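Contents: one structure, followed by commentary.
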Amino acid sequence: MEIKTINDLEEKYDLELEKVLGEIRSAKAKLVLLQFPDGLKTYATSVVDFLEEKTNGKVRFLIWLGSCYGACDTPVLGKELEEKIDLVVQFGHNELMPSF
């Protein structure tokens with residue numbers, strides 16, 4: 001299956017993007033850091049485009065391009081940037097294995 005759209009991506013991986021949107025609303029986040037494992041990084045900009053559209057451009061997103069080896073592997077950003085980020089969303093493979 002070739003992934004061309006966010007719908008194709010959601011068919012292959014359950015990214016729980018509606019849940020992510022709920023967390024963004026709940027936290028009243030304005031700056032969100034998204035962290036992806038290597039296998040999902042190629043889809044990061046598609047996820048950001050979707051989230052930006054759903055938040056009407058009122059939320060800014062950063063993509064962490066460093067390593068991500070699990071939930072305990074949180075980015076080290078430096079105090080100044082960490083203070084500006086309202087929410088960190090970490091995507092992973094555990095529940096996101098493709099269904100064939």
Checked region 20-49 for anything more than 11 Å from the chain's Cα centre (by Cα) and of a type in the set (D, E, K, R); matches are GLU23, ARG25, LYS28, LYS30, ASP38
Of the residues in region 25-38, how many are in contact (Cβ under 8 Å) with a residue 12 or more places away in the chain and surrounded by fewer than 15 Cβ atoms within 10 Å (Cβ to Cβ)? 5
A careful count of residues in region 1-58 that are in contact with a helix residue (DSSP H, G or I) (Cβ under 9 Å, 6 or more places away or on another chain), among the small types (Gly, Ala, Ser) and either assigned to a helix (DSSP H, G or I) or at pLDDT below 95 (or both) gives 1
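The values are calculated or read from the model by the stated rules, or taken from the named source; none is laboratory data. Predicted, not measured: the structure shown is a model, and the values here were computed from it. A quick note on method: Cβ atoms are made from the backbone with ideal geometry, for glycine too, and the neighbour counts reach across all protein chains shown.
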